[in-house]
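Some notes on the structure that comes next.
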Amino acid sequence: MSDAMQDALLTLSARIDVPGTPSNWFEVTQDRINDFADVTLDHQWIHIDEERAKAGPFGTTIAHGHLTLSMMGHLPRAVAESTPRLEGQKLSINYGFDRVRFPAPVPVGARIRTTSTLKRAEIKGGMIETMNEVVVEVEGQEKPCCVAESLGRLVF
């Protein structure tokens, strides 16, 4: 293991279980939901049919769970804090997810934000693998709309 990787592992270890700063709020619009439906070919009525959704279980259209999950890459503060640039680091790679849950819906027009907490950092495959618990909350809702264990690999 290189000195840079060893130093990085020590730096990351000191951040385990320290919640990051929440990202900025981001509005989930109907246009964004419709665009996501077009890209993924998921045109279920609870997402795109505003009239039918009024009489549905949520009273309005809701974002796709996978749209919410994909927004984790955009909401920048959570990403920046979960995988900080470390001395000698060349790049960060999204390695996947261990666990993803969608406890509550994201109604159209809602604002979401993420908070990320580093839970693990260890050497794997000549890189440092990190696992962050990412919580996506909806402004004004008690339950989060997504909780995921996000894996990343840091290349040195």
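The values are calculated or read from the model by the stated rules, or taken from the named source; none is laboratory data. From a predicted model like this one, the values you see are computed outputs, not experimental measurements. Backbone-built Cβ (ideal geometry, glycine too); neighbour counts: all protein chains shown. Heavy atoms of the whole protein, side chains included, go into the accessibility calculation; ligands, DNA and RNA do not. Shrake-Rupley method; radii C 1.70, N 1.55, O 1.52, S 1.80 Å.
Identify all residues within segment 13-33 that are touching a Lys or Arg at 6+ places or on another chain (Cβ under 9 Å) and either part of a helix (DSSP H, G or I) or surrounded by fewer than 13 Cβ atoms within 10 Å (Cβ to Cβ) (or both); write none if there are none. Working first, answer last.
Of segment 13-33, the ones touching a Lys or Arg at 6+ places or on another chain (Cβ under 9 Å) are 16-17, 20-28.
17, 21, 24, 27, listed by residue number.
A Cβ distance below 6 Å, combined with a sequence gap of six or more or placement on separate chains, defines the contacts here; from segment 23-50, residues that are farther than 12 Å from residue 68 by Cα reach residues that are among the basic types (Lys, Arg) and open to solvent by less than 70 Å² (accessible area, probe 1.4 Å) in the pairs 23/113; 25/113.
Within segment 128-148, the residues that satisfy the criterion of being under 26 Å from residue 89 (Cβ atoms) and free of Cβ contacts under 8 Å to residues at least 40 places away in the same chain are 129, 131, 133, 135. Within the option set 97, 156, being open to solvent by 20 Å² or more (accessible area, probe 1.4 Å), out of contact with any Pro (no Cβ under 9 Å at 6 or more places or on another chain) and at pLDDT 95 or above holds for one residue only, 97.
Within segment 117-151, the residues that satisfy the criterion of being assigned to a loop (DSSP other than H, G, I, E, B) and among the small types (Gly, Ala, Ser) are 125, 126, 140. Residues in segment 53-94 that are at pLDDT 95 or above and open to solvent by 60 Å² or more (accessible area, probe 1.4 Å): 54, 55, 57, 58, 66. Take the residues in segment 34-77 that are of a type in the set (Gly, Ala, Ser) and part of a helix (DSSP H, G or I), then tell me which one is nearest to residue 23 (Cα to Cα). Once the filter is applied, the top-ranked residue is 73. Could you look through segment 107-151, keep only residues that are surrounded by fewer than 20 Cβ atoms within 10 Å (Cβ to Cβ) and of a type in the set (Gly, Ala, Ser), and pick out the one that is farthest from residue 68 (Cα to Cα)? The extreme case among them is 126.
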